[in-house]
Amino acid sequence: MTSKTLFSLALLGAAFSATPALAHASLETGQIAAGSTYKAVMRIPHGCKGLPTIALTIDLPEGVIAAKPMPKPGWTVETVRGAYGKTYDYYGTPMSEGVTQIRWSGGELPDDFYDEFVFRARITGDLADTTVAFPTTQFCPEGQQVAWTEIAAPGQNPHDLAHPAPTLTVVAAAEKAGHGHGHNHGAMQMAQAGDLTIDSPFARATAGPARNGAAFLTVKNAGVEADRLVGAKAPVADRVELHTHLHENGVMKMRQIEAVEVPAGGEAALQPGGDHVMMMGLKAPLKEGESFPLTLIFEKAGEVTVDVMIGGVGAMEGQDHGGHGNHGGHGMKKSN
Ligand SMILES: [Cu+2]
């Protein structure tokens, strides 16, 4: 045997020991955000020592509610209902009892075959930052069974268990949605002035020694009268002007403008490539992740001060504008 073959075999061995899922009952998706609906696909890799699986039960842990099994051709599906440990809110409806076990029977899954058993359920917020187990038992002829019901004790490696219960890791909802991007600026930035709402003001970080910066935002007008943004003030800059971008002889140029119209029942969007608030003579660089106050002056609504978030050099939107996932987050995969 060559050394290359030996090396390959060693890798193969390592792969098997690192992924017991190949041999154990396991859930196809092992991680989900709290407060979401989970499609559980239970994978059954083999029968009972050569015997086929003729029934299967899955126990649902506390905090997993409103479960519904998916019908499976060739199998009878039944549910066992019971009281939950507490009353949960299910889309506004109090829910204190429901399915606690799902049982498939009447089919036959030969030992040499693999199959999947599917249900969906709500993973409640209570389960955030926990790992929950779904004890699963395979029943075979002659009273044989395989019970995947062992739960690792604290500090115990689940890989050391002979028949571990399939587990699901529940992460906090914020992580999955990408809201938790390192710096906590709180909820969506909005400010109100009369009928006007100023939504998600943001600026781009300045690069190098640049002494000018631009701020962007959307002004919504819920009133029946039009208004005009006629000026702005910011302590971070010597001078603040309203600008727009114009194409002149094929070149994009900035021009100062007198005002930005905010139509009645409409909005004015100040965004990259269009109208913007120009800050000239910055006293310090605009640093990503920080913020600064900007006072907007409206003809009718008067003055309103907003907190402007500083995004990356190429930011295209305010990062607290419910825009999910574009700002690093915690490296969680989006799985919806
Ligand atoms: Cu400008």
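Taken together, the values in this text are just the output of simple stated rules run on the coordinates, not laboratory data. Predicted model only: the values in this text are computed from it and were never measured. Because the Cβ atoms are built from the backbone with ideal geometry, glycine has one as well, and the counts that use them run over all protein chains shown.
Structure notes:
- Bridgeable aspartates and glutamates around LYS49 (alpha carbons under 14 Å apart, same-chain partners fewer than 8 residues away excluded): ASP111, ASP112, GLU142.
- The range 61-111: chymotrypsin sites (Phe, Trp or Tyr not before Pro) in DSSP loop, at most 11 other beta carbons within 10 Å: TYR91
- Theoretical FRET efficiency, 1/(1+(r/R0)^6), r = Cβ-Cβ of THR87 and GLU299, R0 45 Å, to 0.05: 0.30
- Rounded if a/c under 1.5, otherwise prolate or oblate - the range 18-171, Cα gyration tensor axes: oblate
- Note on HIS245 and ASP160: the extension gain reaches 24.2 nm, defined as 0.36 nm multiplied by sequence separation minus the Cα-Cα distance.
- Measuring r between the beta carbons of GLU225 and GLN101 and using R0 = 56 Å, the FRET efficiency lands at 0.35.
- Listed residue pairs exceeding 24 Å between alpha carbons, taken from LYS220/LYS287; LYS220/LYS300; LYS220/LYS253; LYS220/LYS283: LYS220/LYS287; LYS220/LYS253; LYS220/LYS283
- log10 of Debye I(q)/I(0), alpha-carbon scatterers only, for the range 190-311 at 0.10 Å⁻¹: -0.29
- Euclidean distance of C-alpha centroids, the range 253-315 and the range 54-76, integer Å: 54
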